[in-house]
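Chemist: Have a look at this one before I ask anything.
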Amino acid sequence: MALRAPFPQACWRLTARYTARYTAPVSPLPSQWRRGNATVAPPKPDTVQGANGPTAVVFMNMGGPSTTDEVGDFLSRLFADADLIPLGRLQSYIGPYIARRRTPKIQKQYADIGGGSPIRKWSEHQAAEMCKILDKTSPETAPHKPYVAFRYANPLTEDMYKKLLEDGFGQGKGGRAIAFTQYPQYSCSTTGSSLNELWKWRQRLEGKRATGEVEPEGSIKWSVIDRWPVHAGLVEAFATNIEKTLETYPPAKRDKVVLLFSAHSLPMSVVNRGDPYPAEVAATVYAVNQRLGMKYQYRLVWQSQVGPQPWLGAQTSDTVKNLLKKGQEDMILIPIAFTSDHIETLYELDEEVIGEDAKGHSGVKRAESLNGNPIFIEALADIAKTHLESGQACSRQMTLRCPGCVSERCLEQKKFFASQQQHL
């Protein structure tokens, strides 16, 4: 019950603000910026460095192959990651075998969606646009420099860290960097794995393994934004995309549409270990439905299961087929744990679930992904600004391990990021 009051009010304020901003009349360009029929962009002043700048903002995500030629390496890294897909003691043998077997099939899927994943394009766009906003709203920490670190595809975490060093961060020069997870809901399999990888390369390139010191003088000062499942701007962005899709149904059918919030599933072994992801995804779903006025029937469903072991269900594909059999023909799929389009939306939901399982039924649709949504990008900037103002290295939740966790790497990673508090 305690969750109910804040969200509708907060989202109502955001709706009013964003509506005013993005529906306002466009002012004509000054005459000095026009040449004949061509429009010339106004000069951009250099961002003044604030007292606490510059600040690197690193978007962390799973990533995806930008071309079909990158699929093999992407799958090899993915199936080698025991944090995401635990395969037991034989992971180093089974992982590469599965990757090789699946590569031709997955290459065809990427070919069917245009030859590669758009996740890098959207991540770089979101990071760059967010940093432009931060330069204005948080001038004391400007300039804000965007970086992207993918776990399984280019640009890899290792390459991102080397770029940070090349750009003048660390190596005796200090500087601040924020590890900003682009998984809104925390899981050890996603955010946890990305932070483990970041910590590993920090130790190799700038920590004790590189310099012989635990905290070398002038190293990068790190902080972490590790989760944001019910941020009002995130909720508003999802809700507005759902409302746009609802408007495509005839008014007589609109109130009977079922909303299916689809998220990447987890192995039950990870869930039973105490991973917070299922609860945090459910929190996002509930908050979005509060914003929609609880007017629609809905379910949280799960996709992208791999391998024979039990995974969290019910599966998205099975749910759609079963509802159609029961006479429910109008459904909207909402990718609630993804912040941009990639293989899970463009192929798995659009081609497999809607195209094959629903046989292209006109009543089964998907809400647009967040991608370049200005409400979402404003939300990212607000999250980062609030984090910068908090003075916190990481949330209290991040330092709490899963009840069944036995990973020493996870323990050391959490201890490292928590220890950064003394340097901020």
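The values are calculated or read from the model by the stated rules, or taken from the named source; none is laboratory data. Note that this is a predicted model, so its numbers are computed, not measured. In this analysis, Cβ positions are derived from the backbone assuming ideal geometry, glycine residues included, and neighbour counts consider all displayed protein chains.
Chemist: Can you tell me which residues in segment 334-378 are under 16 Å from the mean Cα position of the chain (by Cα) and either among the charged types (D, E, K, R) or at positive phi (or both)?
Modeler: 341, 344, 368, 371, 378
Table: residues versus (1) hydrophobic (A, V, I, L, M, F, W, C); (2) assigned by TED's automatic domain parsing to the domain that holds residue 123; (3) farther than 16 Å from residue 243 by Cβ.
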site: 324; (1), (2), (3): yes, no, yes
site: 327; (1), (2), (3): no, no, yes
site: 332; (1), (2), (3): yes, no, no
site: 341; (1), (2), (3): no, no, yes
site: 348; (1), (2), (3): no, no, yes
site: 352; (1), (2), (3): no, no, yes
site: 359; (1), (2), (3): no, no, yes
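Chemist: What are the residues in segment 169-200 that are surrounded by fewer than 19 Cβ atoms within 10 Å (Cβ to Cβ) and modelled with pLDDT of 95 or more, if any?
Modeler: 200, the sole residue that qualifies.
Chemist: Count, please, the residues in segment 88-120 that happen to be aromatic (Phe, Trp, Tyr) and within 17 Å of residue 349 (Cα to Cα).
Modeler: Number of matching residues: 1.
Chemist: Would you say residue 127 is closer than 30 Å to residue 49 by Cα, among the small types (Gly, Ala, Ser) and modelled with pLDDT of 95 or more?
Modeler: Yes.
Chemist: Moving on. Give just the number: which of (1) more than 30 Å from residue 141 (Cα to Cα); (2) exposed (fewer than 14 other Cβ atoms within 10 Å of the Cβ); (3) assigned by TED's automatic domain parsing to the domain that holds residue 131 does residue 400 not satisfy?
Modeler: (1)
Chemist: Tell me, yes or no, whether segment 331-351 has at least one residue that is without any contact (Cβ under 8 Å) to a residue 40 or more places away in the chain, under 27 Å from residue 87 (Cβ atoms) and touching a Pro at 6+ places or on another chain (Cβ under 6 Å).
Modeler: So far as segment 331-351 goes, yes, one or more of its residues are without any contact (Cβ under 8 Å) to a residue 40 or more places away in the chain, under 27 Å from residue 87 (Cβ atoms) and touching a Pro at 6+ places or on another chain (Cβ under 6 Å).
Chemist: Right, next: Output the number of residues of segment 202-226 satisfying the condition of being buried (at least 19 other Cβ atoms within 10 Å of the Cβ) and not basic (Lys, Arg).
Modeler: Count: 10.
Chemist: Among the candidates 311, 302, which residue alone is in contact with a His (Cβ under 8 Å, 6 or more places away or on another chain) and touching a residue at least 24 places away in the same chain (Cβ under 8 Å)?
Modeler: 302
Chemist: Spot the failing condition for residue 85; the list is (1) assigned to a helix (DSSP H, G or I); (2) modelled with pLDDT under 95, and only one is missed.
Modeler: For residue 85, the exception is condition (1).
Residue-wise test of (1) assigned by TED's automatic domain parsing to the domain that holds residue 388; (2) surrounded by 20 or more Cβ atoms within 10 Å (Cβ to Cβ).
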site	(1), (2)
99	no, yes
105	no, no
128	yes, no
131	yes, yes
134	yes, yes
139	yes, no
144	yes, yes
152	yes, yes
156	yes, no
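Chemist: Further question on the same structure: Mind listing whichever residues of segment 108-123 are free of Cβ contacts under 8 Å to residues at least 60 places away in the same chain, assigned to a helix (DSSP H, G or I) and surrounded by fewer than 20 Cβ atoms within 10 Å (Cβ to Cβ)?
Modeler: Within segment 108-123, 108, 111, 121 meet the criteria.
Chemist: Could you tell me which numbered condition residue 305 fails, if it satisfies all but one of (1) in a helix (DSSP H, G or I); (2) among the polar types (S, T, N, Q); (3) under 30 Å from residue 75 (Cα atoms)?
Modeler: Result: residue 305 fails condition (1) only.
Chemist: If a residue has to be without any contact (Cβ under 8 Å) to a residue 40 or more places away in the chain and among the basic types (Lys, Arg) to count, how many in segment 54-93 make the cut?
Modeler: Selection size over segment 54-93: 1.
Chemist: Tell me whether segment 279-287 contains one or more residues that are of a type outside the set (Asp, Glu), touching a Phe, Trp or Tyr at 6+ places or on another chain (Cβ under 6 Å) and part of a strand (DSSP E or B).
Modeler: The answer is no; no qualifying residue exists.
Chemist: Does residue 385 satisfy the criteria of being over 24 Å from residue 187 (Cβ atoms), in the same structural domain as residue 204 (by TED's automatic domain parsing), outside any loop (DSSP other than H, G, I, E, B) and out of contact with any Lys or Arg (no Cβ under 7 Å at 6 or more places or on another chain)?
Modeler: yes
Chemist: Out of the residues in segment 371-391 meeting the condition of being surrounded by 17 or more Cβ atoms within 10 Å (Cβ to Cβ) and not aliphatic (A, V, I, L, M), tell me which one is farthest from residue 241 (Cα to Cα).
Modeler: Here the residue is 387.
Chemist: Let me ask something else. Could you check residue 419 against (1) buried (at least 18 other Cβ atoms within 10 Å of the Cβ); (2) under 30 Å from residue 203 (Cβ atoms); (3) out of contact with any helix residue (DSSP H, G or I) (no Cβ under 8 Å at 6 or more places or on another chain) and say which number it fails?
Modeler: Here residue 419 clears every test but (1).
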